[in-house]
Amino acid sequence: MAQKQEYLKLYPKFALVVCRQGEAIGGITANQSDSRITLQGQVPIALPEETRLFDTVDVRFDGENFWYDQHSRSRTTRIATHLRDLFTEETKPEDVTISGMTQEEKYAYALAFDIEVESKKDRKEERLKRALERGGAVLRSYMERGNTYTVEFTVDGTRHRSTVDTETLQVASAGICLTDHRTGRAHDSDFDLTSLVGVIREGERRRLIHRW
């Protein structure tokens, strides 16, 4: 450890605000007025130690990598903790106001928020895609409205649109008539997104599809 610290001292020190966690830890400059270097957006932090979102950390730059040195002593942990609480509550960046917060910390929060929004969107899309692929369909697009997804997909080249529950992917509206005309009972909710594909394919095969 002592050798590591001696090595790091050979390089200039900069402060970064952590704005990305996960497999890659990233940060933005904590001082935009530092004229020694110009950073565009976030940069990866090499070998970070116990860093959390919105921590301000000191790094050493060797011309290629920003090596974690230590948690910065120039910033209080109060603001980082408060930002993490707001982030957990999914507070929008424009609604974040904390006394003593810097513009750099506010920007780090906005970046982290956007990253999280895109990550959730990607996870939702991948879930819908997998559910459809299991039935042999192809996802085209989806829209989230409250607790439902309106999903557009193709089955054997034919486009369909259905509405499903966001939690269970249970069908709320199949987009085709699944009502038993003898009893008047709608059977949409008997299926989830995957099994609906099979119903559609069988209906197309038997020429029984009635769209509304």
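The values are calculated or read from the model by the stated rules, or taken from the named source; none is laboratory data. Quick caveat, the model's predicted, so the values are computed rather than measured. When we count neighbours, we look across all protein chains shown, and the Cβ atoms used for this are built from the backbone with ideal geometry, even at glycine.
Quick grid of which residues meet (1) among the acidic types (Asp, Glu); (2) under 30 Å from residue 144 (Cα atoms):
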| site | (1), (2) |
| --- | --- |
| 45 | no, no |
| 70 | no, no |
| 82 | no, yes |
| 85 | yes, yes |
| 99 | no, no |
- Task: With the condition kept exactly as written, say whether any residue in the range 162-176 is surrounded by 15 or more Cβ atoms within 10 Å (Cβ to Cβ) and either touching a His at 6+ places or on another chain (Cβ under 8 Å) or closer than 30 Å to residue 56 by Cα (or both).
- Result: yes
- Query: Counting just the residues of the range 1-23 that are at pLDDT below 90 and within 20 Å of residue 113 (Cα to Cα), which one comes out nearest to the chain's Cα centre (by Cα)?
  - Reply: 22
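Just checking: which of the strands (runs of 3 or more DSSP E) contained wholly in the range 1-51 hold 2 or more residues that are aliphatic (A, V, I, L, M) and in the same structural domain as residue 75 (by TED's automatic domain parsing)?
Passing ranges, in order: 13-20, 43-46.
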- Item | Selection count where residues are more than 21 Å from residue 48 (Cβ to Cβ) and surrounded by fewer than 12 Cβ atoms within 10 Å (Cβ to Cβ), scope the range 79-91 | 3
- In the range 144-184, residues that are out of contact with any Phe, Trp or Tyr (no Cβ under 7 Å at 6 or more places or on another chain) and over 21 Å from residue 202 (Cβ atoms) total 9
- Name the residues in the range 121-136 that are of a type outside the set (A, V, I, L, M, F, W, C) and either in contact (Cβ under 8 Å) with a residue 40 or more places away in the chain or surrounded by 12 or more Cβ atoms within 10 Å (Cβ to Cβ) (or both), would you? 121, 124, 125, 127, 129, 130, 133, 134, 135, 136
- Message: Given the condition of a type in the set (Val, Ile, Thr), buried (at least 19 other Cβ atoms within 10 Å of the Cβ) and in a loop (DSSP other than H, G, I, E, B), answer yes or no: does some residue in the range 92-100 qualify?
- Response: no
- Message: Of the residues 29, 97, 56, 88, only one is closer than 30 Å to residue 143 by Cα, among the β-branched types (Val, Ile, Thr) and within 25 Å of the chain's Cα centre (by Cα); which?
- Response: 88
- Query: Of everything in the range 177-212 that's modelled with pLDDT of 85 or more and of a type in the set (Ser, Thr, Tyr), which residue is surrounded by the fewest Cβ atoms within 10 Å (Cβ to Cβ)?
  - Reply: 183
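In the set 139, 111, which member is in a helix (DSSP H, G or I), of a type in the set (A, V, I, L, M) and surrounded by 15 or more Cβ atoms within 10 Å (Cβ to Cβ)? Spell out the reasoning first.
On the way: 139 fails: in a helix (DSSP H, G or I).
On inspection, the qualifying residue turns out to be 111.
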